[in-house]
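The block underneath contains the structure these notes are about, expressed in structure tokens.
Just so it is clear, none of the values below were taken in a lab; they were calculated from the coordinates. Keep in mind it's a predicted model, so treat the numbers as computed, not measured. Virtual Cβ from ideal backbone geometry, glycine too; neighbours counted across all protein chains shown.
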Amino acid sequence: MGTWSEEPFGNDTAADWAWELDEADSWDVVTDVLQEYLGDDKTDTGADEVAVAAAAVVAHGAGLALSEAEDTESVEGFLARVGAPPASAVTAARAALDKVGGQSELAELWEDADELDEWRATLARVRDALPA
């Protein structure tokens, strides 16, 4: 796992996905990822990591401060172009965070690393930033 922190963009897969935001001009790129993730019965680590990153983009669009420890230039530019997230993205982000935080391959990896509580705290911080 190319991971350096429990932050949403603290792994290679999520950081790579965030670069796709450089070319995006609508929330579709984020909502499509979230909907695809929610529609898949199985999870895999890469999909889990991208779902968390996509949910974090929604949370950042709703006002969650971006972490200084992460390279979030692509996220900032994306949000400047597209504005606040639509309600459908917020709903999907909540559901994706619930799914990945439950029984997912990524949760198992964090458990194996004895850092599950810290990672879940990060997920909770992101989820709590989503508007009700």
Per-residue Cβ neighbour rank within 10 angstrom, fewest leading, Leu97, Leu66, Leu116: Leu116, Leu66, Leu97
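How would Lys42, Lys99 line up from fewest to most surrounding beta-carbon atoms within 10 angstrom? All intermediate terms of the calculation are to be shown ahead of the outcome.
Numbers: Lys42 7, Lys99 19.
Fewest-to-most ranking of Lys42, Lys99: Lys42, Lys99.
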Segment Ala80-Glu36, extension gain: residue separation times 0.36 nm, minus the distance between their alpha carbons: 13.4 nm
Of every Cα-Cα pair in region 12-128, the percent that sits beyond 22 Å: 26
From phi via Karplus (6.51, -1.76, 1.60), per-residue ³J(HN,Hα) for region 46-56 in Hz, x at Gly/Pro: x, 5, 4, 5, 5, 4, 5, 4, 5, 5, 5
For region 16-32, 3J(HN,Hα) per residue [Karplus equation, 6.51 cos²θ - 1.76 cosθ + 1.60, θ = phi - 60°, Hz, x = Gly/Pro]: 4, 4, 4, 4, 4, 5, 4, 9, 7, 10, 8, 6, 4, 4, 7, 5, 5
Packing-based exposure ordering (other Cβ within 10 Å, fewest first) of Glu7, Glu73: Glu73, Glu7
Under the Karplus curve 6.51 cos²θ - 1.76 cosθ + 1.60, θ = phi - 60°, whole-Hz ³J(HN,Hα) for region 59-64, x wherever Gly or Pro sits: 4, 5, x, 8, x, 5
For Asn11, distant residues with modelled amide H under 5 Å away: Trp4
